[in-house]
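The values are calculated or read from the model by the stated rules, or taken from the named source; none is laboratory data. Computed from a predicted structure; not experimentally measured. Glycine gets a Cβ as well: all are built from the backbone with ideal geometry, and neighbour counts include every protein chain shown.
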Amino acid sequence: MKKVIRKILWKIRQSKRAWEEPVPDIYKKIVLSRNEKAQIKKLWGRDRNMYRFYRTIKALGFFDARFCSNQYYIQKIFPVINPYHEFLGIQDKNFFDLYYADEELSFPEVLVKNIKGILFDKDMHVINEKQAVEKMMSVSEFVIKPSTESNSGSNVRKISNPDAEAVENLLKEYMQNFIVQKIIEQHPLLAELNETSVNSFRITTLFLNGKISVCSSHLKIGKKGADVDNFAKGSFLVGVDEHGNLGDTGYDINLNEMKISKELKLPFYQNVKDMAIAKHIKYFPNIGIIGWDLLVDVNGKSICIEINFFVPSSYEPQICNRRPFFGERTEEVVDYVKKHKIENLRVVI
């Protein structure tokens, strides 16, 4: 009976076609050759629905059959490598600083937390609404965001110089399960790219078969005048190579290009990458793929903004880095997925 329910739920989820890439129609005039289709079929299997993705990649000028489509990533890879029950209880942002902070891994300073409607200060003392308002008004700027079930920067807001009434209205609007944090002053090199938004790294790490590696690294740069650097809100993503060199071209969600005016090497990149690798193994050895949102403050210290366990994006990093998400480990990942069927995994209902 459980197996039947599991299959029904899986089919319902896939019917929503959540795997489709958020791309414009640049692929429509592109044709895949017989050889290219053969390469795709050999590696990923036969499914014509994936061709749109590879036609888009080819339209951008860097076809490689090892590029991983959202369809295969969400339908096949993610449920096996990041089974939902493994991270269900650890994705609440209100607990990151309590469970995972150490000498190397820091999080933005907390002003107020709300957990199931109860207000807390940063030391987990229960506070009332008046005390919460006072803490939020003690700084000139803060960020407020949901602590659970959020993605792509959904409902993340930067608030500047609010009065008491505005703060009270915010508390009512967000209701429960949110976190309020101080604004971090970013490193001057990052501020050069866009001073109005906090421009952060997304480093995606893969821990599989006892081996840790970086799938992708890119920098999220908010559009001019924006407070946030979220891709869905119009930011640009720019690839970062293994030596910390920023790419010369960024892309937004519509694949519009942003040219980087000068060569820029980010000297702190190695420390940021090393921390993501080390903390993945230390805290989350049971999770295969993690997307780390990290920024560097004015003193050069790495700060963790988010830890993303639920479908860390694969499509956008491949576009801005112009290379396959799993790189030389692509066949290893595909083989692993084939040997660990979704049907054999425990499902939380």
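Annotations
- For segment 12-40, the set of residues classified as at pLDDT 85 or above and surrounded by 14 or more Cβ atoms within 10 Å (Cβ to Cβ) consists of Ile30, Leu32, Glu36, Lys37, Gln39, Ile40, listed by residue number.
- Test: residue in segment 135-144 that is in contact with a strand residue (DSSP E or B) (Cβ under 8 Å, 6 or more places away or on another chain), among the charged types (D, E, K, R) and under 28 Å from Ile221 (Cα atoms): yes
- Leading residue by the ranking (farthest from Met175 (Cα to Cα)) among those in segment 143-162 that are modelled with pLDDT of 90 or more and hydroxyl-bearing (Ser, Thr, Tyr): Ser160
Let's see how each residue does on (1) within 19 Å of the chain's Cα centre (by Cα); (2) of a type in the set (Asp, Glu); (3) more than 27 Å from Arg157 (Cα to Cα); (4) in the same structural domain as Cys68 (by TED's automatic domain parsing):
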position: Thr249; (1), (2), (3), (4): no, no, yes, no
position: Lys265; (1), (2), (3), (4): no, no, yes, no
position: Asp274; (1), (2), (3), (4): yes, yes, yes, no
position: Ala278; (1), (2), (3), (4): yes, no, yes, no
position: Pro324; (1), (2), (3), (4): yes, no, yes, no
position: Val337; (1), (2), (3), (4): no, no, yes, yes
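- Residue ID - nearest to Ile183 (Cα to Cα), chosen from residues in segment 299-334 that are outside any strand (DSSP E or B) and of a type in the set (D, E, K, R): Lys301
- In segment 48-65, of all residues being of a type in the set (Lys, Arg) and in contact with an Asp or Glu (Cβ under 8 Å, 6 or more places away or on another chain), the one that is farthest from Leu255 (Cα to Cα) corresponds to Arg52.
- Matching option when the condition is outside any loop (DSSP other than H, G, I, E, B), of a type in the set (D, E, K, R) and surrounded by 21 or more Cβ atoms within 10 Å (Cβ to Cβ), among Lys273, Lys282: Lys273
- Qualifying residue in segment 184-199 (condition: part of a strand (DSSP E or B), over 23 Å from the mean Cα position of the chain (by Cα) and not acidic (Asp, Glu)): no
- Residue count for segment 156-181 satisfying the condition of being under 21 Å from the mean Cα position of the chain (by Cα) and either free of Cβ contacts under 8 Å to residues at least 12 places away in the same chain or outside any loop (DSSP other than H, G, I, E, B) (or both): 6.
- Close Cβ contacts (under 6 Å, 6 or more residues apart or on different chains) running from residues in segment 119-136 that are within 17 Å of Lys172 (Cβ to Cβ) to residues that are in a helix (DSSP H, G or I) and aliphatic (A, V, I, L, M) comprise Leu119/Ala132; Val133/Ala164; Val133/Val167; Met136/Val167.
- Test: Val296 is part of a helix (DSSP H, G or I), among the β-branched types (Val, Ile, Thr) and either buried (at least 18 other Cβ atoms within 10 Å of the Cβ) or in contact with a Lys or Arg (Cβ under 9 Å, 6 or more places away or on another chain) (or both): no
- None of Glu103, Glu86, Glu109 is of a type in the set (Asp, Glu) and modelled with pLDDT of 95 or more except Glu109.
- When Gln71, Gln75, Gln91 are checked against the criterion of being under 28 Å from Val167 (Cβ atoms) and of a type in the set (S, T, N, Q), Gln91 stands alone in meeting it.
- When Leu193 is tested against (1) at pLDDT below 95; (2) surrounded by fewer than 20 Cβ atoms within 10 Å (Cβ to Cβ), just one condition goes unmet, and that condition is (2).
- If the condition is being crowded, with 20+ Cβ neighbours inside 10 Å, out of contact with any Asp or Glu (no Cβ under 7 Å at 6 or more places or on another chain) and not aromatic (Phe, Trp, Tyr), then segment 171-190 contributes Ile179, Val180, Leu190.
- Output for segment 34-51, where each listed residue is within 28 Å of the chain's Cα centre (by Cα) and either among the small types (Gly, Ala, Ser) or closer than 13 Å to Phe67 by Cα (or both): Ile40, Leu43, Trp44, Gly45, Met50, Tyr51
- Hits in segment 103-136 - residues which are of a type in the set (Gly, Ala, Ser) and touching a Leu at 6+ places or on another chain (Cβ under 8 Å): Ala132
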